[in-house]
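A short write-up of the structure that comes next.
What follows is calculated from the coordinates using simple rules that are stated; it is not laboratory data. All of these numbers come straight from a predicted model, not from anything done at the bench. Ideal geometry is used to build each Cβ from the backbone, glycine not excepted, and the neighbour counts take in all protein chains shown.
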Amino acid sequence: METIQKTKSEQLLKKVSGNVCAATGFAASGIHAGFKRKRKDLALIYSYTKSTTASVYTQNKVIGAPLVITKQHSQNGHAQAIICNSGNANTCNANGLEIASDVCSILSAKLGIAQEDILVASTGVIGQPLSLDPFKMGIPALVEQLENTGGSHAAKAILTTDKEIKESAVEFQLGETTARLGGISKGSGMIHPNMATMLGFITTDVAITPTALKQALKEVTTDTFNMISVDGDTSTNDMVTVLANGQLGNNEIVSDQDPDYTVFKQALHAVCEELAIAIAKDGEGASTLITCNVSKAKTEQQAKLVAKQVISSNLVKAAVYGRDANVGRLLCAVGYSGAEVDFQLVDISLRSRELGTVCVCEAGAIVPFDEDKAYAILGTDELFIDVSFNEGVKQATAWGCDLTYDYVKINSAYRS
């Protein structure tokens, strides 16, 4: 197992397999129910015992019906199952709330749990009529195929235009016990989050109160999922949900003052960051993952504004695709980000792991640089844009991707 991070309390996070089934007491499944022509399109994540739950949701004013039902069902801070279909967002449908509620009713009868303990999600085309029939026909098989190694099937079933499944899991120590936390996510287009993005489902065997779990999720989301962008569009169905079933048997984490809270939050951050980066890398039509690191800022908020704006700029994204080291576009993005920055102090470099670094701006002025090296760096599959404010000690990172012809092709014919 690969060690991916050391926490402040010197605990090690180690990568493990299994995604949402990595933690004790979880099972999952994914089947083809008929929402799409061929691919798996209906997923289930199930805890054998009732779990603490917390979610963050899209800030789009047009909200998918499944989110409304999920908010209602999770008000008490507990849940036991998550069902998600892909291919149809169940948004802007006259009977959307009825459909989402009926899905929970059908599943509750099959699982033998309360309807209110089921959370529901949908992803796909907005405004397309949705029939209950695929759920009626698919749910029995979905439940029958539940297994504690079924996470990969669920990960495939939630995809839409994604090319790759997105999964992550870690184990870590809480006292004398070994905890696990894992997740899956989907997202490729319509990605520009605000409090949440796309769909993300996370599970853990840690015992934690709903209040502490919600706080940890909000804090982590701010630095991970909320720091990615593919195309500047915030979806109507964005949601990230965590289930914590407590089967680890640890002393329950009750607040951020608990020493175990820090360790848990770092594990949650590691998984969410890996899932977020995977989404940015798999952006519709993308050929290059863009990572913008902002350093030496006066405040973290100022650093975040610039990092997010750089990776969100269509001009920057197009320049990366064209391998054009147009430094003016980078400085322009810094300038209209809303951050209070003295541009005469700003340094910018382009970097890749394989080819090293080329400085393109010093003290706010474009400097002579090796155009051939910059061209080569821009052509790698992972580009780092390093921006230094030279004003303080705060930093932030955001992730995005280049803007290609394929993005236009995909979205010009999305419904077909």
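Calculate the spin-label point distance for residue 301 paired with residue 315, positioning each point 7 Å from the Cα along the beta-carbon direction, and give it in nanometres.
In this crude label model, residue 315 to residue 301 measures out at 2.6 nm.
Which loop-located GluC sites (Glu not before Pro) does region 322-365 contain, where loop means any DSSP state but H, G, I, E or B and the Cβ has at most 12 other Cβ atoms within 10 Å?
354
With runs of 4+ DSSP H residues as the only contributors, calculate the mean residue ellipticity of the chain at 222 nm using -39,500 (n - 2.57) per run, divided by the residue total and rounded to the nearest 500. Mind dumping the intermediate values first?
Details: 11 runs with 127 residues, N = 416.
Mean residue ellipticity at 222 nm (helix-derived): -9500 deg cm²/dmol.
Looking at region 289-412 only, what percent of DSSP beta bridges run antiparallel? Nearest 5 please.
Numbers: 19 of 26 bridges.
Approximately 75 percent, going by the DSSP bridge assignments.
Can you give the log10 of the normalised intensity I(q)/I(0) at q = 0.16, 0.17, 0.20 Å⁻¹, computed with Debye over equal Cα scatterers of region 276-416?
-0.77, -0.87, -1.16
Relative contact order (percent) for the chain, with alpha-carbon contacts under 8 angstrom and 6 or more residues of separation? All intermediate terms of the calculation are to be shown ahead of the outcome.
Working: 1109 pairs, mean separation 71.1, N = 416.
Relative contact order here is 17 percent.
If you work out Rg and Dmax of the Cα atoms in Å from the coordinates, which of [x] 20.4, 60; [y] 22.8, 95; [z] 21.6, 69 do you get?
Here Rg and Dmax of the Cα atoms in Å agrees with entry [z].
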